[in-house]
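Accompanying notes for the structure given below.
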Amino acid sequence: MDSIVVTGGTPLNGQIAIAGAKNAALTLMPATLLSEEPLTLTNAPRLSDIATMIALLQSLGVEVTSMQDGKVQVLSSHAMTSTTADYEIVRKMRASNLVLGPLLARHHQAIVSLPGGCAIGARPMDIHVTALEAMGAEIELKDGYLHAKAPGGLKGAKVPLRFASVGATENVLMAATLAKGTTVIENAAREPEIVDLAKCLRSMGAQIAGEGSSTITIQGVDRLGAATHPVVTDRIELGTYMLAPVFAGGEVECLGGRLDLVGSFVEKLDAAGVDVTETPGGLKVKRRADRAKAVDVTTEVFPGFPTDLQAQMMAMLCTADGTSVLEEKIFENRFMHAPELIRMGADIEVQGGVATVTGVERLKGAPVMATDLRASVSLILAGLAAEGESTVSRIYHLDRGYEHIEEKLSAVGAKIERISS
């Protein structure tokens, strides 16, 4: 099993190109199921999760052609052979559940395994099920599979979400494009990935209004057509690399970065003593002093502080001046990186969904183990600030969300290498 070795103490300087968003691409790819005509995605990230989604779509009979080293994906659902998403593929990735809405919309039936992914909480499917049932779907759970059908097709409806779930918003948004009548999603998620999906669906011929707000209105159409769509910049990868010079010192420009994607995150960086400057190519980041300042963080749905940057922020605050309080409100069990940071000398106390971090002057290199995708990268970042060498094992999580991370960090001066076992 591969591991990554990081030697701290080297300032970072240069540019890092930010990839297309993993969470956006994993949502856009199932949209091909809504049309017989091809969907072409540009600026696609090259990740193991993308490969998993390709495998899932191919198992349904979707033709997938990868070009430009995987940065362009051409998907065609003109000759589908199945409406069953099998457990052996779905178990690998939570986003696999996003085939449910499109399959129901176009084929009026679907059998989808309950999904897997990182062990960071239950993340239940009941919100998806309740929403699609409001549109006329009949859904039954049997032997770990959701058996869904809509004999007369889905029908437009008012769909109030009890929680602003990103996945449920995406599933309903896609399903509603081919439903009969008007669908109104209330308490919809507002994430940039939702906006990106709506733009793509609109280019395919969908009639959508209100994306980016808490109310989205979709007027169903008879069919959707072909489209070419660029995947939006990955705001989580962006935030991660923006933190790198805060750990190590120096100044890094994140190419493709946009303030509107990371507004609440940048507010916290400013409070912590970090300068973020817009450039013609993206965002440039450097800390103002030798140590960042303590700052309190509460994760929230967009436009609040992203849960997917909480682990990285905690690692940064381990060496900040003062005591910080981090409250995780999105997922339970998402402080599993804390014990590993403590192995590196961090002072962290966790009680339920609240972590108190008292900054120390320096972390120390240590062997640590990744528990999920964002925990993986938080430990690598911590290694940039640590004295000596840190070895991060179980990095198969990492490859689900960060392409060529050792190459990108090495290019700006980090001492980092991947060790294959």
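Rounded to the nearest 5, what is the percent of antiparallel bridges among the DSSP beta bridges in the stretch 22-230? Approximately 70 percent, going by the DSSP bridge assignments.
Computed over the Cα atoms of the chain, pair by distinct pair, the Kirkwood hydrodynamic radius stands at 21.9 angstrom. Specify which residue in the list SER76, THR130, LEU57 is farthest towards the positive end of the charge dipole of the stretch 22-230, using unit charges on the beta carbon of Lys, Arg (+1) and Asp, Glu (-1), about the Cα centre. Value: THR130.
Magnitude of the charge dipole for the stretch 106-226, about its Cα centre and with charges confined to Cβ atoms of Lys, Arg (+1) and Asp, Glu (-1), is about 260 debye. Does the stretch 104-213 classify as rounded, prolate or oblate by the C-alpha gyration tensor (a ≥ b ≥ c root eigenvalues; a/c under 1.5 gives rounded; else a/b over b/c gives prolate, otherwise oblate)? Since a/c reaches 1.5 but b/c is at least a/b, the shape of the stretch 104-213 is classed as oblate. The shape of the stretch 244-350 comes out oblate: with a ≥ b ≥ c from the C-alpha gyration tensor, a/c is at least 1.5 while a/b does not beat b/c. Placing unit charges on the Cβ atoms of the charged side chains and taking the dipole of the stretch 157-203 about its Cα centre, the candidate lying farthest along the positive direction among ALA157, THR177, ASN187 is ALA157.
Restricting to bridges with both residues inside the chain, how much of the DSSP beta-bridge set is antiparallel, in percent to the nearest 5? Percentage antiparallel, nearest 5: 70. Within the listed set ASP290, ASP399, ASP347, the residue fluctuating most in the Gaussian network model of the chain (springs between alpha-carbon atoms under 10 angstrom) is ASP290. Roughly speaking, what is the centre-to-centre gap between the stretch 58-83 and the stretch 374-403 when only Cα atoms are used, to the nearest Å? Cα centroid of the stretch 58-83 versus Cα centroid of the stretch 374-403: 32 Å apart. Label sites at LEU141 and LEU259, each approximated as a point 7 angstrom past Cα along Cα to Cβ, lie 4.5 nm apart.
Over 18 Å apart at the Cα level, from the set LYS268/LYS408; LYS22/LYS92; LYS268/LYS293; LYS158/LYS180, are LYS268/LYS408. Phi angles of the stretch 138-151 translate, via the Karplus equation with coefficients 6.51, -1.76, 1.60 and θ = phi - 60°, into HN-Hα couplings of 10, 10, 10, 8, 9, 6, x, 10, 8, 9, 10, 8, 9, x Hz per residue; Gly and Pro are given as x. Looking at the chain, do any whole DSSP H helices span at least 18 angstrom along their long axis by alpha carbon and average -0.5 or above on Kyte-Doolittle, and which? Both cut-offs are met by 235-248, 373-385. This model, with +1 at the C-beta of Lys and Arg and -1 at the C-beta of Asp and Glu, gives the chain a dipole about its Cα centre of some 380 debye. Summarising the amide proton neighbourhood of LYS286: residues at separation of 5 or more, or on other chains, whose placed amide H is nearer than 5 Å comprise ASP275. Using alpha carbons only, how many angstrom separate the centre of the stretch 229-275 from the centre of the stretch 18-47? So the separation of the two Cα centres works out to 23 Å. Rounded to the nearest Hz, the phi-derived 3J(HN,Hα) couplings of the stretch 321-333 under the Karplus curve 6.51 cos²θ - 1.76 cosθ + 1.60 (θ = phi - 60°) are 7, x, 10, 10, 10, 10, 10, 9, 10, 9, 10, 7, 6, where x marks glycine and proline. Annotation: peptides 65-73, 146-154, ranked by per-residue average of other Cβ atoms within 10 Å with the highest first, follow the order 146-154, 65-73.
In the stretch 22-230, the alpha-carbon atoms span a convex hull of 101 Å³ per residue. Counting every other Cβ atom within 10 Å of each residue's Cβ, LYS408, LYS293 order from fewest to most as LYS293, LYS408. Of ASP260, ASP296, ASP372, the residue with the greatest mean-square motion in the GNM of the chain, using alpha carbon springs below 10 Å, is ASP260.
Taking Cα centre as origin and charging only the Cβ of basic (Lys, Arg, +1) and acidic (Asp, Glu, -1) residues, the dipole magnitude of the stretch 22-230 rounds to 220 debye.
The helix-only estimate of mean residue ellipticity at 222 nm for the chain, built from DSSP H runs of length n ≥ 4 each weighted as -39500 (n - 2.57), is -8000 deg cm²/dmol after division by the residue total.
Coordinate-derived values only; no laboratory data. Being a predicted model, the structure only gives us computed values, none of them experimental. Don't worry about glycine lacking a Cβ; one is built from the backbone with ideal geometry, like all the others, and counts go over all protein chains shown.
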